[in-house]
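J.: Before I ask anything, here is the structure I am working with.
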Amino acid sequence: MYALYIEVYIARFYVLSCLSGSLDGLHQINIFFFLFQAGSDGESIGNCPFSQRLFMILWLKGVVFNVTTVDLKRKPADLQNLAPGTHPPFITFNGEVKTDVNKIEEFLEDVLCPPKYSKLSARHPESNTAGMDIFAKFSAFIKNSKPDANEGLERGLLKTLQKLDEYLCSPLPDEIDHNSMEEVKASTRSFLDGEDMTLADCNLLPKLHIVKVVAKKYRGFEIPKDMTGIWRYLNNAYKREEFTNTCASDKEIEIAYADVAKRLVK
């Protein structure tokens, strides 16, 4: 099993010697150590929506980081004691290990804060819960092996997708000009909370993309074209390097689900 090992350098402060004008010593270094899932080839990005969620946050905040591929079965000496027994993704900071993705997200938003780093939290609370049931419905649908249950599970997935589509098509308060006589009937925004990606998008987009790829491959299911809000949302994400450069390839996603997706057996 391989992982992507990421070092994030937050700040370096050196003490300058007044006499020599040289760097007298290292005063402080704050470093995050991330471990993300790697692909089947041991080098590319692996299929893990939770890893991608955190990867996107780092990218959106403009953090400078180094990425190294690590074989978890043959860790380098300096990584031997780095959170033994813990599976990616996780983060260590000043000796403390964090494994809960939500807690890691909160930590990053708190530490990587303005003025140096942008704030990524959504302005509208509804954006944080939009599409929250989709991945669970998808998992039940794709893992089912009973033909008589397939139709009902597909309807359940469609219902949650429809709810997300309605949210994406409904204008947000700041899209409505209350001084205008024209009524805004449909939203044209790029992402959940507006024109900019937020933490809500980092959470939902990786999962939604997996749904699109895997459901088509193993169930012949496609997100309906009339769900224009979802397709606008996905297509806007595919134009952003924060998403495309942190996303596993479609082939990698299909490989990851090869043993998860169950065949319908009569």
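J.: When the residues of the stretch 104-121 are narrowed to those that are within 15 Å of the chain's Cα centre (by Cα) and not in a helix (DSSP H, G or I), which ends up nearest to Tyr167 (Cα to Cα)? Full working, then the answer.
T.: Within the stretch 104-121, the first condition is being within 15 Å of the chain's Cα centre (by Cα), and the residues that meet it are 104-106, 108-109, 120-121.
Narrowing further to those that are not in a helix (DSSP H, G or I): 120-121.
Working: Leu120: 20, Ser121: 18 Å.
Within the stretch 104-121, the match that is nearest to Tyr167 (Cα to Cα) is Ser121.
J.: Do you know which of the residues in the stretch 215-266 that are aromatic (Phe, Trp, Tyr) and either without any contact (Cβ under 8 Å) to a residue 60 or more places away in the chain or outside any helix (DSSP H, G or I) (or both) is surrounded by the fewest Cβ atoms within 10 Å (Cβ to Cβ)? Reasoning before the result, please.
T.: Of the residues in the stretch 215-266, the ones aromatic (Phe, Trp, Tyr) are 218, 221, 231, 233, 238, 243, 257.
Add one more test, that the residue is either without any contact (Cβ under 8 Å) to a residue 60 or more places away in the chain or outside any helix (DSSP H, G or I) (or both), and what stays is 221, 231, 238, 257.
On the way: Phe221: 19, Trp231: 16, Tyr238: 12, Tyr257: 17.
The residue in question is Tyr238.
J.: Could you check how many residues of the stretch 94-110 are surrounded by fewer than 17 Cβ atoms within 10 Å (Cβ to Cβ) and at pLDDT below 85?
T.: 5
J.: Can you work out which of the residues in the stretch 122-145 that are in contact with a Lys or Arg (Cβ under 9 Å, 6 or more places away or on another chain) and not in a helix (DSSP H, G or I) is surrounded by the most Cβ atoms within 10 Å (Cβ to Cβ)? Before the answer, list the steps.
T.: As a first pass, look at the stretch 122-145 and keep what is in contact with a Lys or Arg (Cβ under 9 Å, 6 or more places away or on another chain): 130-131, 133-135, 137-138, 141-145.
From the residues that got through so far, the ones that are not in a helix (DSSP H, G or I) too are 130-131, 133, 144-145.
On the way: Ala130: 22, Gly131: 24, Asp133: 16, Asn144: 18, Ser145: 12.
Ranking the qualifying residues of the stretch 122-145, first place goes to Gly131.
J.: Could you grab me the full set of residues in the stretch 228-261 that are of a type outside the set (Ser, Thr, Tyr) and out of contact with any helix residue (DSSP H, G or I) (no Cβ under 8 Å at 6 or more places or on another chain)?
T.: Matches in the stretch 228-261: Trp231, Asn235, Asn236, Lys239, Arg240, Lys251, Glu252, Ile255, Ala256, Ala258, Asp259.
J.: I would also like to ask the following. How many residues does the stretch 69-93 contain that are at pLDDT 65 or above and either in contact with a Lys or Arg (Cβ under 7 Å, 6 or more places away or on another chain) or not in a loop (DSSP other than H, G, I, E, B) (or both)? Quick ask: steps written out before the conclusion?
T.: Applying the first criterion (at pLDDT 65 or above) to the stretch 69-93 yields 81, 84-93.
Next cut, either in contact with a Lys or Arg (Cβ under 7 Å, 6 or more places away or on another chain) or not in a loop (DSSP other than H, G, I, E, B) (or both) only: 90-93.
Within the stretch 69-93, residues that are at pLDDT 65 or above and either in contact with a Lys or Arg (Cβ under 7 Å, 6 or more places away or on another chain) or not in a loop (DSSP other than H, G, I, E, B) (or both) number 4.
The values are calculated or read from the model by the stated rules, or taken from the named source; none is laboratory data. Not measured: the values here are computed from a predicted model. A quick note on method: Cβ atoms are made from the backbone with ideal geometry, for glycine too, and the neighbour counts reach across all protein chains shown.
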